[in-house]
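Here the structure is laid out as structure tokens; the discussion comes afterwards.
The values are calculated or read from the model by the stated rules, or taken from the named source; none is laboratory data. Values in this document were obtained by computation on a predicted structure and should not be read as measured data. Here the Cβ positions follow ideal geometry from the backbone for every residue, glycine too, while neighbour counts run over all protein chains shown.
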Amino acid sequence: MTLKKVKELLQAEVVCGESQLDEEVTFAGGSDLMSDVLAFGKPGILLLTGLTNRQSVRTAEIIEAKALVYVRGKKPDKEGIELAKKIGIPVLSTHYMMYTSCGFLFKNGLPGVSLLREKEDEK
Amino acid sequence: MKNKENVLSQHYEINGGDFSNAGNISTQIKETLKELGIRSSLIRRAAIAAYEAEMNVVMYAHQGQFQFSLTPSTIHFTVKDLGIGIEDIELAMQEGYSTATEELREMGFGAGMGLPNIKRNSDQFQISSTPGKGTFLDIFFYLNQREK
Ligand SMILES: Nc1ncnc2c1ncn2[C@@H]1O[C@H](COP(=O)(O)OP(=O)(O)OP(=O)(O)O)[C@@H](O)[C@H]1O
Ligand SMILES: [Mg+2]
């Protein structure tokens, strides 16, 4: 699913990374707890979160998320946006709540991150 | 910095409560490992462990020192802090156990997954602590080992 499609489905606003909306995501995960994200996140994930501080972007950077979606109409704070721009992670903001956002994406064919531990060397 | 045994060695200071710089160390280490051509899955594991360790110092200690060294066979982190320390390490190591305050939880911390994440992502991990004094972590990653 392209980020453009994600944007449409969630009626989201693009906070940054407009030029990267043609990129594809193949799975997603959502959490407001950063250590949970670090435990389940995998490279390329579309990460949905309701946290708005800089750490949410940091965490996305560390797990090498493809893009970030802030739910419940939130946006990262200024520091967060700057960091997202710097590392080149597109950021969307939707007014839908977490459950609804995930539901829309799942229903339209974007699966959740697998709970199985990553298979070796994705390289 | 270079010396005979270590390919590289880096020292960082961490200030307790300094959330705006939290994460910088792991990002820098990640960059360094990337430049050195370490395989990406290992870099990711190391970055996660570094980040969790760094965050715990920011969350629970006044002051900390993060030492990163790289030898031809290992990535090695030691993280030493002056802080409240941990009474019951076995308990602290359990997934979901957290003493994070409401304030920290609102910031997205307190899943009680930090120490378990460090353990899971590293190849060797040791923790010791003196309540009221501080905590010490010793974390290794083996470069020449097959992925776990
Ligand atoms: N450096 C430290 N100094 C003092 N106490 C610590 C330290 N690191 C961890 N702890 C204690 O161990 C508990 C578990 O730590 P852990 O990192 O696993 O989870 P957390 O920090 O509470 O939440 P999370 O890391 O998931 O955001 C903490 O809540 C805290 O009580
Ligand atoms: Mg922690």
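Remarks
- Scanning the stretch B:73-103 for residues that are within 19 Å of B:Ile48 (Cα to Cα) and either more than 6 Å from ligand 1 (Cβ to nearest atom) or in contact with a Lys or Arg (Cβ under 7 Å, 6 or more places away or on another chain) (or both) gives B:Thr74, B:Ile75, B:His76, B:Phe77, B:Thr78, B:Val79, B:Lys80, B:Met93, B:Gln94, B:Glu95, B:Gly96.
- Candidate set from the stretch B:40-49 (those that are more than 13 Å from the chain's Cα centre (by Cα) and at the interface with chain A (Cβ under 7 Å from one of its Cβ atoms)); member that is farthest from ligand 2 (Cβ to nearest atom): B:Ser40
- Residues being on the phi > 0 side of the Ramachandran plot and either crowded, with 23+ Cβ neighbours inside 10 Å or away from chain B (no Cβ under 12 Å) (or both) - total across the stretch A:43-91: 3
- Unique match (being under 12 Å from the mean Cα position of the chain (by Cα) and not small (Gly, Ala, Ser)) among A:Lys74, A:Lys7, A:Lys107: A:Lys7
- Pick from the stretch A:30-45, criterion in a loop (DSSP other than H, G, I, E, B) and not small (Gly, Ala, Ser), ranking: nearest to A:Leu110 (Cα to Cα): A:Ile45
- Considering the conditions (1) within 14 Å of another protein chain (Cβ to nearest Cβ); (2) crowded, with 17+ Cβ neighbours inside 10 Å; (3) basic (Lys, Arg), B:Lys80 is excluded by exactly one of them, (1).
- Filter result (within 11 Å of ligand 2 (Cβ to nearest atom) and out of contact with any Leu (no Cβ under 6 Å at 6 or more places or on another chain)) within the stretch B:93-118: B:Ser98, B:Thr99, B:Ala100, B:Leu104, B:Phe109, B:Gly112, B:Met113, B:Gly114, B:Leu115, B:Pro116, B:Ile118
- Residues being outside any loop (DSSP other than H, G, I, E, B), under 19 Å from B:His62 (Cα atoms) and more than 12 Å from the chain's Cα centre (by Cα) - total across the stretch B:111-134: 4
- Of residues in the stretch A:3-42 being more than 14 Å from chain B (Cβ to nearest Cβ) and of a type in the set (Ser, Thr, Tyr), the one nearest to A:Ser114 (Cα to Cα): A:Thr26
- The residues in the stretch B:89-112 that are touching a Phe, Trp or Tyr at 6+ places or on another chain (Cβ under 6 Å) and over 18 Å from B:Gly16 (Cβ atoms) can be counted, and the count is 2.
- Filtered by the rule that a residue be among the small types (Gly, Ala, Ser) and either more than 13 Å from the chain's Cα centre (by Cα) or more than 11 Å from ligand 1 (Cβ to nearest atom) (or both), the stretch B:50-65 gives B:Ala50, B:Ala61.
- Criterion: modelled with pLDDT under 95 and among the basic types (Lys, Arg) - qualifying residue of B:Lys80, B:Lys2: B:Lys2
- Residue check, B:Gly114 at the interface with chain A (Cβ under 10 Å from one of its Cβ atoms), in contact (Cβ under 8 Å) with a residue 60 or more places away in the chain and surrounded by 20 or more Cβ atoms within 10 Å (Cβ to Cβ): yes
- Residues of the stretch A:12-21 that turn out to be surrounded by fewer than 19 Cβ atoms within 10 Å (Cβ to Cβ) and over 12 Å from A:Ala67 (Cα atoms), as a count: 2
- Pick from the stretch B:14-39, criterion surrounded by 17 or more Cβ atoms within 10 Å (Cβ to Cβ) and under 15 Å from B:Phe141 (Cα atoms), ranking: farthest from ligand 2 (Cβ to nearest atom): B:Ile38
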